[in-house]
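Quick note: the coordinates plus some simple rules give every number you see, no bench work behind them. Just so we're clear, the structure is a prediction, and the values are computed from it rather than from any experiment. Quick reminder, even Gly has a Cβ in these numbers, built from the backbone with ideal geometry, and neighbours come from all protein chains shown.
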Amino acid sequence: MSDINSLHTSLVARVLEGEGQASPEIRRAAFNNEGLAEPIGKFVEKVAHKARMVTDADIGTLRKAGLSEDQIYEIVVCAAIGQATRQYRNALVALSAATGRN
Amino acid sequence: MRLAILDHGHGIRTKAMLALIRVVSGHPVVDAVKLAFYRPGFYRAGGLTQEAMRGPSEWSIADRELMAAFVSKVNETEFCIAAHTATSAIAYNDGAKVSATLADLETAPLSEPLRATLRMLGKLTRESKVDADDVLMVLAAGASEQQIKDALAVAFAFNVTDRLADVFDFAVGDPKAINAGAKYLLARGYR
């Protein structure tokens, strides 16, 4: 059986707390998809729920707001891992409920 | 690629390695590889993806590659659909099975545990949630609890990767390059 739990924990810790150019607060907010000022808030919402609809113009808007490419990169990674984590955890809770275990 | 740093921002040693990959493979370096080698101390999800896709599991490698292709189809991520359709087709030695699954899950020639698992992964990917009834249907179809956990690990890996591929705008290679990449993934994995 494969077990990604420890790998998942270290991945999340790395992108939220490791060395980066976006502040830990912004990275965590991107991961949680909440509490972000515009234009980052709308962008992170799009990454989380309509990633295929992201355009060059969306990235351009972040650049114009003063974000560097590395900051954009980090925000995208945190937003993607955050949304996938919420999906994953939701399904594990459903699995526990289905099998009657906690 | 929408961010120039992912194309050209690697260190000198990594640039040399990417150039070597380009020469040896005879194909452009795929954007997924460029991403994997950019600031590996930050993202570096290869170990997790390797465990989900190649770690011990009751699911075959072909099954897990099919899950990756299926999740990517739901996300409409062209790069990952192409890459994992090809990888699954080679692993099964049955491209028709993979094509049929992506065209219509309900009529595809699949085992019932795998069909039910893909159905649940599709709902989770589309709606970001499933409930106990959804899981009970997968268990009733014959999948084990561990198989469901393993499938959820695959879905996690590709719900991350698909978003990155879409936002960074990974280029979809030509069929020869996609096939070469698929063979590499089967020979060497995701590390």
Per the helix-only model, chain B has a calculated mean residue ellipticity at 222 nm (DSSP H runs of ≥4, -39500 (n - 2.57) each, divided over all residues, rounded to the nearest 500) of -22500 deg cm²/dmol
Full-extension gain in nm, B:ARG191 to B:ASP174, via 0.36 nm per residue minus C-alpha separation: 3.8 nm
Using a simple spin-label model with points 7 Å from Cα along the Cα→Cβ vector, what separation in nm is obtained for B:LYS123 and B:MET137? 0.4 nm
Sequence-distant aspartates and glutamates (8 or more away, or on other chains) whose Cα lies within less than 15 Å of B:LYS97: B:ASP63, B:GLU65, B:GLU106, B:GLU112
Report, as an integer, the average count of C-beta atoms from other chains found within 10 Å of each Cβ along B:165-172. 5
With a Förster distance of 35 angstrom and the Cβ-Cβ distance between A:ALA57 and B:ALA96, calculated FRET efficiency to the nearest 0.05 equals 0.30
Compare the Cα positions of B:ALA36, B:LEU136, B:ALA86 along the charge dipole of chain B (+1 at Cβ of Lys, Arg; -1 at Cβ of Asp, Glu; about the Cα centre) and return the one farthest towards the positive end. B:ALA36
With labels modelled as points extended 7 Å from the Cα through the Cβ direction, what inter-label distance (nm, one decimal) is found for A:HIS49 paired with A:SER96? 2.6 nm
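Using r as the Cβ-Cβ distance of B:GLU145 and A:SER23, and R0 as 30 Å, what FRET efficiency do you calculate, to the nearest 0.05?
0.15
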7 Å from Cα along Cα→Cβ at both A:VAL12 and B:MET17: what's the point-to-point distance in nm? 2.8 nm
